[in-house]
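Have a look at the structure below before the remarks.
The values are calculated or read from the model by the stated rules, or taken from the named source; none is laboratory data. Since the structure is predicted, the reported quantities are computational estimates derived from the model, not experimental observations. Ideal geometry is used to build each Cβ from the backbone, glycine not excepted, and the neighbour counts take in all protein chains shown. These area figures cover heavy atoms from the full protein model, side chains too; ligands, DNA and RNA do not enter into them. Shrake-Rupley method; radii C 1.70, N 1.55, O 1.52, S 1.80 Å.
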Amino acid sequence: DGDPGVRRDAVWAVEQMAGHEAAWLLRLKARLGDKPEVTGQVFESLLRLEGKSSVSFVAAFLKSVDERIAEEAALTLGASRLPEALETLKAAWEKSGNGVLGPVLLRSISASRLDDAFEFLLAIVREGRPAEAQDALRALEIHRDSEDIRQRTEEALARMSRKS
(Lines give C-alpha, C1' and ligand atoms only; values in the text may rest on other atoms or scores of the structure.)
Protein backbone atom coordinates (compact mmCIF):
# COMPACT_ATOMS: atom_id res chain seq x y z
CA ASP A 1 0.00 0.00 0.00
CA GLY A 2 1.22 3.51 -0.74
CA ASP A 3 0.02 4.93 2.58
CA PRO A 4 2.72 4.78 5.30
CA GLY A 5 -0.02 4.68 7.95
CA VAL A 6 -1.37 1.45 6.51
CA ARG A 7 2.12 -0.05 6.43
CA ARG A 8 2.68 1.00 10.07
CA ASP A 9 -0.56 -0.74 10.99
CA ALA A 10 0.58 -3.83 9.10
CA VAL A 11 3.82 -3.84 11.09
CA TRP A 12 1.81 -3.59 14.31
CA ALA A 13 -0.37 -6.50 13.14
CA VAL A 14 2.74 -8.63 12.49
CA GLU A 15 3.95 -7.77 16.00
CA GLN A 16 0.64 -9.06 17.40
CA MET A 17 1.30 -12.43 15.75
CA ALA A 18 4.33 -12.77 18.06
CA GLY A 19 6.77 -15.63 17.75
CA HIS A 20 10.00 -16.09 15.86
CA GLU A 21 8.32 -15.81 12.48
CA ALA A 22 6.99 -12.33 13.29
CA ALA A 23 10.43 -11.19 14.46
CA TRP A 24 12.09 -12.56 11.32
CA LEU A 25 9.53 -10.84 9.11
CA LEU A 26 10.06 -7.54 10.93
CA ARG A 27 13.84 -7.85 10.61
CA LEU A 28 13.43 -8.44 6.89
CA LYS A 29 11.15 -5.40 6.62
CA ALA A 30 13.77 -3.26 8.40
CA ARG A 31 16.48 -4.44 6.02
CA LEU A 32 14.35 -3.80 2.94
CA GLY A 33 13.67 -0.25 4.10
CA ASP A 34 10.65 2.02 4.01
CA LYS A 35 9.64 5.50 5.10
CA PRO A 36 11.29 6.45 8.41
CA GLU A 37 8.02 6.33 10.34
CA VAL A 38 7.32 2.79 9.14
CA THR A 39 10.86 1.64 9.89
CA GLY A 40 10.57 3.27 13.32
CA GLN A 41 7.46 1.17 13.98
CA VAL A 42 9.40 -1.92 12.89
CA PHE A 43 12.12 -1.07 15.44
CA GLU A 44 9.56 -0.46 18.17
CA SER A 45 7.79 -3.74 17.42
CA LEU A 46 11.04 -5.69 17.42
CA LEU A 47 12.10 -4.26 20.75
CA ARG A 48 8.72 -5.16 22.26
CA LEU A 49 8.81 -8.67 20.79
CA GLU A 50 12.42 -9.58 21.48
CA GLY A 51 13.56 -7.14 24.14
CA LYS A 52 17.29 -6.89 24.67
CA SER A 53 18.06 -9.49 22.01
CA SER A 54 17.02 -7.00 19.31
CA VAL A 55 19.02 -4.05 20.65
CA SER A 56 22.10 -4.77 18.54
CA PHE A 57 19.98 -5.23 15.42
CA VAL A 58 18.24 -1.87 15.88
CA ALA A 59 21.53 -0.24 16.93
CA ALA A 60 23.07 -1.17 13.57
CA PHE A 61 20.69 1.36 11.99
CA LEU A 62 22.32 4.18 13.99
CA LYS A 63 24.91 4.10 11.19
CA SER A 64 22.33 4.42 8.41
CA VAL A 65 23.18 6.84 5.62
CA ASP A 66 19.58 8.03 5.90
CA GLU A 67 19.74 10.38 8.88
CA ARG A 68 16.01 9.96 9.53
CA ILE A 69 16.37 6.18 9.88
CA ALA A 70 19.31 6.66 12.28
CA GLU A 71 17.15 9.07 14.31
CA GLU A 72 14.27 6.56 14.41
CA ALA A 73 16.66 3.88 15.65
CA ALA A 74 18.02 6.17 18.37
CA LEU A 75 14.62 7.37 19.54
CA THR A 76 13.20 3.87 19.59
CA LEU A 77 16.14 2.53 21.57
CA GLY A 78 15.69 5.28 24.14
CA ALA A 79 11.95 4.76 24.38
CA SER A 80 12.48 1.04 25.02
CA ARG A 81 13.97 1.90 28.45
CA LEU A 82 16.18 -1.17 28.23
CA PRO A 83 19.50 -0.82 30.08
CA GLU A 84 21.25 -2.49 27.12
CA ALA A 85 19.78 0.11 24.79
CA LEU A 86 21.00 2.89 27.07
CA GLU A 87 24.54 1.52 27.02
CA THR A 88 24.36 1.31 23.23
CA LEU A 89 23.17 4.91 22.95
CA LYS A 90 25.88 6.17 25.30
CA ALA A 91 28.56 4.37 23.28
CA ALA A 92 27.13 5.75 20.03
CA TRP A 93 27.20 9.28 21.46
CA GLU A 94 30.83 8.87 22.56
CA LYS A 95 31.74 7.77 19.02
CA SER A 96 29.63 10.45 17.33
CA GLY A 97 31.90 13.31 18.31
CA ASN A 98 28.63 15.15 18.94
CA GLY A 99 28.03 15.32 15.20
CA VAL A 100 24.68 15.64 13.49
CA LEU A 101 23.19 12.67 15.36
CA GLY A 102 24.66 13.76 18.71
CA PRO A 103 21.70 15.83 19.97
CA VAL A 104 19.26 13.09 18.94
CA LEU A 105 21.31 10.53 20.83
CA LEU A 106 21.22 12.71 23.94
CA ARG A 107 17.43 13.16 23.66
CA SER A 108 17.09 9.40 23.26
CA ILE A 109 19.23 8.81 26.32
CA SER A 110 17.03 11.23 28.24
CA ALA A 111 13.85 9.54 26.98
CA SER A 112 14.96 6.27 28.55
CA ARG A 113 14.22 7.81 31.97
CA LEU A 114 16.82 5.54 33.55
CA ASP A 115 18.86 6.94 36.42
CA ASP A 116 22.10 6.02 34.62
CA ALA A 117 20.89 8.13 31.70
CA PHE A 118 20.34 11.15 33.92
CA GLU A 119 23.78 10.72 35.49
CA PHE A 120 25.35 10.50 32.03
CA LEU A 121 23.63 13.70 30.87
CA LEU A 122 24.41 15.57 34.07
CA ALA A 123 28.08 14.58 33.76
CA ILE A 124 28.08 16.13 30.29
CA VAL A 125 26.54 19.29 31.72
CA ARG A 126 29.23 19.44 34.43
CA GLU A 127 32.26 18.35 32.43
CA GLY A 128 31.47 18.55 28.71
CA ARG A 129 32.36 21.20 26.18
CA PRO A 130 29.89 24.10 26.08
CA ALA A 131 28.04 22.86 22.97
CA GLU A 132 27.74 19.36 24.46
CA ALA A 133 26.51 20.78 27.77
CA GLN A 134 23.84 22.79 25.94
CA ASP A 135 22.70 19.71 24.03
CA ALA A 136 22.53 17.73 27.29
CA LEU A 137 20.51 20.50 28.93
CA ARG A 138 18.07 20.51 25.99
CA ALA A 139 17.76 16.73 26.34
CA LEU A 140 16.94 17.10 30.04
CA GLU A 141 14.23 19.70 29.31
CA ILE A 142 11.67 16.95 28.69
CA HIS A 143 11.82 16.31 32.45
CA ARG A 144 11.29 19.92 33.51
CA ASP A 145 8.21 18.87 35.49
CA SER A 146 10.31 16.56 37.64
CA GLU A 147 11.48 18.36 40.77
CA ASP A 148 14.27 15.81 41.28
CA ILE A 149 15.70 16.20 37.76
CA ARG A 150 15.37 19.98 37.89
CA GLN A 151 17.26 20.09 41.20
CA ARG A 152 19.99 17.76 39.93
CA THR A 153 20.32 19.85 36.77
CA GLU A 154 20.66 23.05 38.77
CA GLU A 155 23.39 21.42 40.89
CA ALA A 156 25.22 20.34 37.74
CA LEU A 157 24.96 23.86 36.33
CA ALA A 158 26.36 25.31 39.56
CA ARG A 159 29.32 22.93 39.39
CA MET A 160 29.81 23.80 35.72
CA SER A 161 29.91 27.53 36.47
CA ARG A 162 32.47 26.99 39.25
CA LYS A 163 34.62 25.01 36.81
CA SER A 164 34.60 27.84 34.24
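Which one is farthest from residue 84 (Cα to Cα) among residues in the range 105-138 that are within 15 Å of the chain's Cα centre (by Cα) and in a loop (DSSP other than H, G, I, E, B)?
Ranking the qualifying residues of the range 105-138, first place goes to 113.
Condition check: out of contact with any Ser or Thr (no Cβ under 6 Å at 6 or more places or on another chain) and of a type outside the set (Asp, Glu). Does residue 79 satisfy that?
For residue 79, the condition - out of contact with any Ser or Thr (no Cβ under 6 Å at 6 or more places or on another chain) and of a type outside the set (Asp, Glu) - is met.
Looking only at the range 93-102, decide whether some residue is within 30 Å of residue 35 (Cβ to Cβ), part of a helix (DSSP H, G or I), at pLDDT 95 or above and small (Gly, Ala, Ser).
no
If the Cβ limit is 6 Å and pairs must be 6+ apart or interchain, which residue in the range 51-73 that is more than 12 Å from residue 89 (Cα to Cα) and part of a helix (DSSP H, G or I) pairs with which residue that is at pLDDT 95 or above and open to solvent by 20 Å² or more (accessible area, probe 1.4 Å)?
Taking only residues 6 or more apart or on different chains, the pairs are 52/82; 52/84; 69/61.
Each row is one residue, and each column tells you yes or no for (1) closer than 13 Å to residue 72 by Cα; (2) out of contact with any helix residue (DSSP H, G or I) (no Cβ under 9 Å at 6 or more places or on another chain).
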site: 4; (1), (2): no, no
site: 11; (1), (2): no, no
site: 16; (1), (2): no, no
site: 24; (1), (2): no, yes
site: 29; (1), (2): no, no
site: 36; (1), (2): yes, no
site: 39; (1), (2): yes, no
site: 43; (1), (2): yes, no
site: 50; (1), (2): no, no
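The rows are residues; the columns are (1) at pLDDT below 95; (2) under 29 Å from residue 2 (Cα atoms).
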position: 40; (1), (2): no, yes
position: 68; (1), (2): no, yes
position: 72; (1), (2): no, yes
position: 76; (1), (2): no, yes
position: 85; (1), (2): no, no
position: 107; (1), (2): no, no
position: 132; (1), (2): yes, no
position: 138; (1), (2): yes, no
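For the range 139-156, how many residues meet the condition of being open to solvent by 60 Å² or more (accessible area, probe 1.4 Å), in contact with a helix residue (DSSP H, G or I) (Cβ under 7 Å, 6 or more places away or on another chain) and assigned to a helix (DSSP H, G or I)?
Total satisfying the criteria: 1.
Considering only the range 97-127, state which residues are without any contact (Cβ under 8 Å) to a residue 24 or more places away in the chain and surrounded by 22 or more Cβ atoms within 10 Å (Cβ to Cβ).
Residues satisfying the conditions are 121, 124.
Yes or no: residue 29 open to solvent by 20 Å² or more (accessible area, probe 1.4 Å), more than 20 Å from residue 109 (Cα to Cα) and part of a helix (DSSP H, G or I)?
yes
Within the range 56-87, take every residue that is of a type in the set (A, V, I, L, M, F, W, C) and more than 11 Å from the chain's Cα centre (by Cα) and give me the one that is most open to solvent (accessible area, probe 1.4 Å).
65
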